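The values are calculated or read from the model by the stated rules, or taken from the named source; none is laboratory data. Small disclaimer: the values here were computed from a predicted structure and weren't measured. Methodologically, a virtual Cβ is constructed for each residue, glycine included, from the backbone with ideal geometry; neighbour enumeration extends over all protein chains shown.
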């Protein structure tokens, strides 16, 4: 399945750190199978998770700090050779494995000149997607699950219910800073969404959308129909609600209690991630 990764946001809540560095390139701790502790950019962790899920076609929507992303997602065997020559064999193996994954992947970068909304960033991937169903993954949202089970459940539900949209959902304590959904349970862990409100002051549920979706390509027409003028951002929420208004099938797949979402939106949450990620085995 083709995958669009959004990496074009300004990361204003993490300024001044993110003035020149995309927040998606901030490091987190990763514990290997051998117990070794490494630091990897968040976006690399997401890419490797998707690669392990057998995804090979990627479109990165990048902003003004695109150079850091492009350089990191370009194979580099020179540094691998250097590490081997200097007897740093473990690090050489890590970087060689990563470069080989990049080499076996089809990766394109599309530039979003101005950060005018999540919906606009998605729309930039239209030519890459063509008429195919596709996975949309925010570059700063990580879900840790056993053998990528969250992605399997999401894809299976999308196909089973012939959905226009399928998204991951998490029950949270304070949903007011998220897109909040409500609906009818179809089976254990799967909801047919009938209502979505973006960052409501008085939420009707605690079910928050995680920015990991599968869409039919018809989402692009809905995004094209979203009216925005001047500096008003084009948000995905408007297109999402168009599907609900048309009575199209929109499915929510809940995270399991054993699964963990990693969020780096604020300094406080990033500090929590750095503390907790040391305990999480991601390889």
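Quick notes on this structure:
- Subset tally (residues that are outside the structural domain of residue 22 (by TED's automatic domain parsing) and under 16 Å from residue 216 (Cβ atoms)) for the range 136-155: 2
- Consider the range 54-70 and keep the residues that are at pLDDT 95 or above and surrounded by fewer than 17 Cβ atoms within 10 Å (Cβ to Cβ). The one that is nearest to residue 114 (Cα to Cα) is 56.
- Hey, residue 204 part of a strand (DSSP E or B) and either under 20 Å from the mean Cα position of the chain (by Cα) or exposed (fewer than 14 other Cβ atoms within 10 Å of the Cβ) (or both) or not: no
- Considering 88, 93, 114, 101, the condition of being surrounded by fewer than 19 Cβ atoms within 10 Å (Cβ to Cβ) and at pLDDT 95 or above is satisfied by 101 alone.
- Checked against the criterion of being surrounded by fewer than 20 Cβ atoms within 10 Å (Cβ to Cβ), assigned by TED's automatic domain parsing to the domain that holds residue 50, within 27 Å of residue 112 (Cα to Cα) and modelled with pLDDT under 90, the candidates 276, 269 yield just one match: 269.
- One residue stands out among those in the range 127-147 that are at pLDDT 95 or above and in contact with a helix residue (DSSP H, G or I) (Cβ under 9 Å, 6 or more places away or on another chain): the one that is farthest from residue 61 (Cα to Cα), which is 133.
- Scanning the range 130-145 for residues that are within 20 Å of residue 1 (Cβ to Cβ) and out of contact with any strand residue (DSSP E or B) (no Cβ under 6 Å at 6 or more places or on another chain) gives 130, 131, 133, 145.
- Scanning the range 25-41 for residues that are surrounded by 12 or more Cβ atoms within 10 Å (Cβ to Cβ) and assigned to a loop (DSSP other than H, G, I, E, B) yields 26, 32, 36.
- Filter pass, residue 47 being closer than 30 Å to residue 158 by Cα and surrounded by fewer than 20 Cβ atoms within 10 Å (Cβ to Cβ): no
- Residue check, residue 122 assigned to a loop (DSSP other than H, G, I, E, B), within 30 Å of residue 218 (Cβ to Cβ) and outside the structural domain of residue 226 (by TED's automatic domain parsing): no
- Considering only residues in the range 156-194 that are closer than 25 Å to residue 220 by Cβ and out of contact with any strand residue (DSSP E or B) (no Cβ under 8 Å at 6 or more places or on another chain), the one that is surrounded by the fewest Cβ atoms within 10 Å (Cβ to Cβ) turns out to be 162.
- Verdict on residue 110 being free of Cβ contacts under 8 Å to residues at least 60 places away in the same chain and part of a strand (DSSP E or B): yes
- Test: residue 118 is within 17 Å of the chain's Cα centre (by Cα) and free of Cβ contacts under 8 Å to residues at least 60 places away in the same chain: no
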